[in-house]
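> Pasting in a structure now, in structure tokens, and then I'll have a few things to ask.
The values are calculated or read from the model by the stated rules, or taken from the named source; none is laboratory data. Remember, predicted model here, so these are calculated numbers, not experimental data. So basically every Cβ, Gly included, is an ideal-geometry build from the backbone, and we count neighbours across all protein chains shown. With ligands, DNA and RNA removed, areas are computed over all heavy atoms of the protein, side chains included. Shrake-Rupley method; radii C 1.70, N 1.55, O 1.52, S 1.80 Å.
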Amino acid sequence: MQTLLKKVTTIILIATLFCACEKTIDFDSNVVKSKIVVNGILRPGLKIQARIVGSRSQLSPENFFESLPEAQADLYVDGTFVETLTYVGKLDTFIEHLDYDVINKTPYNNGVYTGQTIAQIGKTYRLEISAKGYDAVSCKTTVPFPVEIMDADTSIHEKKEDEYTMSTQIKVAITFNDPPNINNYFRIQKASFAGNVYAYSYGQDSIIYSDTILTQYVQNEWVDISDPVFNESDNEANEIVMGAPLNNYAIFTDEMFRNNQYTLTLSEYSYQYLDLKYQDNFRINTIVLCTLSEEYYNYLNTANYHHWFEDDYFSEPVPVYSNVIGGMGIWCAESFDEYEYKTGEYPLAGKTYIDYSDFRNNNDGNYGYGSSPYGY
């Protein structure tokens, strides 16, 4: 009898969960007051710039953010007023391709605010911004001191071959000292400039190698995040449905090595076809150790979680961090040190170097064999 009662109770509870009342609520996006949105990343040696726009409702039909050309943006350095930033922009056109070949064109203001002040390491920069019809906002950040790469090692190479290809793994170890007595925030970025000899077929089995080398620059390369520092944080989100989030921005703190020296290891992989000659290929890699302001780290960390879980209906929404008081956006800073290493020789006498995109556009898609700068 008790078993039957338990079953009946369970069925009633389940039925209750799936029963709901429905009520239509009219929503007027115009009653939601727009806020000032400020976005800017300060880097040593560059002029101060900020993008200042008005926020829009998620239900708004517009798919763009319009700049506020009449705003007043006052810049303070270490608490002292230095200048009012100047708006530099234009009346742009947002083009939207709709169904049935309909093209919708909407004019909008698109620009940035800039000044004559050059960002300097160790200084604090504050913006006070006002605009008609908006609440005033403020934000500040300090440009961090860069952490120097003390040593680097690329001596570890591992090669594997199968019937058609050869893969190469290069391990890059960079060593740096963690500045003492403060919390430090880091990011690894990677860029590359590579070239690959252009080859084309002649007959059924012949490959002709030219004196042309196709080059390509990639600013934001994939970064290997297998080093323990990239996964130091506890994942408090729901891992059952979406899995643990990847560290897509390759950020980390000094929690594991505070006040000490640390050697961080990265890996790079390349693949080559064995039936092609690669003696004239080259690749110049740049590893960038970015030192982030705390605001920038918090922004990237929460943005990573936000995008990872935004489609997970079983998780709580993750708000993206903002340090704009009274508004939205991020005002932050970074500094950096670089290490460069190269495989192959560049430039070589008697070779013609052509940008890969220019070559592709001028040859109607006839790329030839091995024409990608990466040898894939």
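> Got at least one residue in the stretch 143-150 being over 30 Å from Tyr87 (Cβ atoms) and over 24 Å from the mean Cα position of the chain (by Cα)? Explain how you work it out, then say what you get.
So in the stretch 143-150, the residues over 30 Å from Tyr87 (Cβ atoms) come out as 145-150.
Still in the list and also over 24 Å from the mean Cα position of the chain (by Cα): 150.
Yes, because at least one residue in the stretch 143-150 is over 30 Å from Tyr87 (Cβ atoms) and over 24 Å from the mean Cα position of the chain (by Cα).
> A follow-up question, please. Scan the stretch 187-209 and tell me whether some residue there is open to solvent by 30 Å² or more (accessible area, probe 1.4 Å), assigned to a loop (DSSP other than H, G, I, E, B) and either at pLDDT 85 or above or closer than 26 Å to Glu158 by Cβ (or both).
Looking through the stretch 187-209, none of the residues is open to solvent by 30 Å² or more (accessible area, probe 1.4 Å), assigned to a loop (DSSP other than H, G, I, E, B) and either at pLDDT 85 or above or closer than 26 Å to Glu158 by Cβ (or both).
> Right, another one. Check whether at least one residue in the stretch 306-325 is on the phi > 0 side of the Ramachandran plot and in a strand (DSSP E or B), and report yes or no. Walk me through how you get there before you give the answer.
Step one: list which residues in the stretch 306-325 are on the phi > 0 side of the Ramachandran plot, which gives none.
There is no residue in the stretch 306-325 that is on the phi > 0 side of the Ramachandran plot and in a strand (DSSP E or B).
> Please tell me if Phe145 is surrounded by fewer than 18 Cβ atoms within 10 Å (Cβ to Cβ) and touching a strand residue (DSSP E or B) at 6+ places or on another chain (Cβ under 9 Å). Reasoning before the result, please.
Details: surrounded by fewer than 18 Cβ atoms within 10 Å (Cβ to Cβ): yes; touching a strand residue (DSSP E or B) at 6+ places or on another chain (Cβ under 9 Å): yes.
Yes.
> Which pairs have Cβ atoms under 8 Å, sit 6 or more apart or on different chains, and link a residue in the stretch 318-344 that is under 18 Å from Ser57 (Cα atoms) to one that is part of a strand (DSSP E or B) and open to solvent by 50 Å² or more (accessible area, probe 1.4 Å)?
Pairs that qualify, where the first residue is under 18 Å from Ser57 (Cα atoms) and the partner is part of a strand (DSSP E or B) and open to solvent by 50 Å² or more (accessible area, probe 1.4 Å), are Ser322/Met328; Gly329/Asn39.
> Can you find even one residue in the stretch 171-181 that is open to solvent by 40 Å² or more (accessible area, probe 1.4 Å) and among the hydrophobic types (A, V, I, L, M, F, W, C)?
Checked against the condition, which is being open to solvent by 40 Å² or more (accessible area, probe 1.4 Å) and among the hydrophobic types (A, V, I, L, M, F, W, C), the stretch 171-181 yields no hits at all.
> Given the criterion over 18 Å from Ala50 (Cα atoms) and among the acidic types (Asp, Glu), identify the matching residue among Glu96, Glu83, Glu128.
Numbers: Glu83 fails: over 18 Å from Ala50 (Cα atoms); Glu128 fails: over 18 Å from Ala50 (Cα atoms).
The unique qualifying residue is Glu96.
> Looking at the structure I just gave you, is Thr286 over 22 Å from Val38 (Cβ atoms) and either open to solvent by 10 Å² or more (accessible area, probe 1.4 Å) or at pLDDT below 95 (or both)? Even if it seems obvious, please write down each step before you answer.
Working: over 22 Å from Val38 (Cβ atoms): yes; either open to solvent by 10 Å² or more (accessible area, probe 1.4 Å) or at pLDDT below 95 (or both): yes.
It is true that Thr286 is over 22 Å from Val38 (Cβ atoms) and either open to solvent by 10 Å² or more (accessible area, probe 1.4 Å) or at pLDDT below 95 (or both).
> If Tyr346 passes every condition in (1) out of contact with any Lys or Arg (no Cβ under 9 Å at 6 or more places or on another chain); (2) within 24 Å of Ile170 (Cβ to Cβ); (3) surrounded by 18 or more Cβ atoms within 10 Å (Cβ to Cβ); (4) among the hydroxyl-bearing types (Ser, Thr, Tyr) but one, which one does it miss?
With (1) out of contact with any Lys or Arg (no Cβ under 9 Å at 6 or more places or on another chain); (2) within 24 Å of Ile170 (Cβ to Cβ); (3) surrounded by 18 or more Cβ atoms within 10 Å (Cβ to Cβ); (4) among the hydroxyl-bearing types (Ser, Thr, Tyr) applied to Tyr346, the lone miss is (1).
> Let me ask something else about it. Please state which of the following conditions Phe81 fails to meet, knowing it meets all the rest: (1) over 29 Å from the mean Cα position of the chain (by Cα); (2) surrounded by 13 or more Cβ atoms within 10 Å (Cβ to Cβ); (3) in a strand (DSSP E or B); (4) not acidic (Asp, Glu).
(2)
> With respect to Tyr339, is the statement that it is outside any loop (DSSP other than H, G, I, E, B), touching a strand residue (DSSP E or B) at 6+ places or on another chain (Cβ under 8 Å), within 17 Å of Glu221 (Cα to Cα) and modelled with pLDDT of 80 or more true?
Judged against the criteria, Tyr339 is a match.
> Can Val241 be described as outside any loop (DSSP other than H, G, I, E, B) and either modelled with pLDDT under 80 or touching a Lys or Arg at 6+ places or on another chain (Cβ under 8 Å) (or both)?
On the way: outside any loop (DSSP other than H, G, I, E, B): yes; either modelled with pLDDT under 80 or touching a Lys or Arg at 6+ places or on another chain (Cβ under 8 Å) (or both): yes.
Spelling it out, Val241 is indeed outside any loop (DSSP other than H, G, I, E, B) and either modelled with pLDDT under 80 or touching a Lys or Arg at 6+ places or on another chain (Cβ under 8 Å) (or both).
> Identify all residues within the stretch 55-78 that are assigned to a strand (DSSP E or B) and either open to solvent by less than 50 Å² (accessible area, probe 1.4 Å) or farther than 16 Å from Gly327 by Cβ (or both); write none if there are none. Let's see the steps before the verdict.
As a first pass, look at the stretch 55-78 and keep what is assigned to a strand (DSSP E or B): 67, 72-77.
Listed by number, the residues that qualify are Ser67, Ala73, Asp74, Leu75, Tyr76, Val77.
> Are there any pairs with C-beta distances below 6 angstrom linking a residue in the stretch 43-55 that is closer than 12 Å to Gly111 by Cα to a residue that is open to solvent by 10 Å² or more (accessible area, probe 1.4 Å) and among the hydrophobic types (A, V, I, L, M, F, W, C), with the two at least 6 apart or on different chains, and if so which?
Pairs that qualify, where the first residue is closer than 12 Å to Gly111 by Cα and the partner is open to solvent by 10 Å² or more (accessible area, probe 1.4 Å) and among the hydrophobic types (A, V, I, L, M, F, W, C), are Gln49/Val112; Arg51/Val112; Ile52/Leu68; Ile52/Ala71; Val53/Val37; Val53/Phe65.
> Given Asn259, Asn298, Asn247, Asn281, which one is open to solvent by 70 Å² or more (accessible area, probe 1.4 Å) and not hydrophobic (A, V, I, L, M, F, W, C)?
Details: Asn298 fails: open to solvent by 70 Å² or more (accessible area, probe 1.4 Å); Asn247 fails: open to solvent by 70 Å² or more (accessible area, probe 1.4 Å); Asn281 fails: open to solvent by 70 Å² or more (accessible area, probe 1.4 Å).
After applying the criteria, what remains is Asn259.
> So, one more: Output yes when any residue across the stretch 122-144 is touching a Pro at 6+ places or on another chain (Cβ under 7 Å), closer than 30 Å to Asp74 by Cβ and in contact (Cβ under 8 Å) with a residue 24 or more places away in the chain, and no when none is.
Of the stretch 122-144, the ones touching a Pro at 6+ places or on another chain (Cβ under 7 Å) are 143.
Filter again for closer than 30 Å to Asp74 by Cβ, leaving 143.
If we keep only those that are in contact (Cβ under 8 Å) with a residue 24 or more places away in the chain too, we end up with 143.
Among the residues of the stretch 122-144, at least one is touching a Pro at 6+ places or on another chain (Cβ under 7 Å), closer than 30 Å to Asp74 by Cβ and in contact (Cβ under 8 Å) with a residue 24 or more places away in the chain, which makes the answer yes.
> Which of the residues that make up the stretch 85-132 are in a loop (DSSP other than H, G, I, E, B), open to solvent by 50 Å² or more (accessible area, probe 1.4 Å) and at pLDDT 95 or above? Steps first, please.
Going through the stretch 85-132, the residues in a loop (DSSP other than H, G, I, E, B) turn out to be 85, 98, 102, 119-123, 131-132.
Applying the additional criterion that residues be open to solvent by 50 Å² or more (accessible area, probe 1.4 Å) yields 98, 102, 120-121, 123, 132.
Listed by number, the residues that qualify are Gln120, Ile121, Lys123, Lys132.
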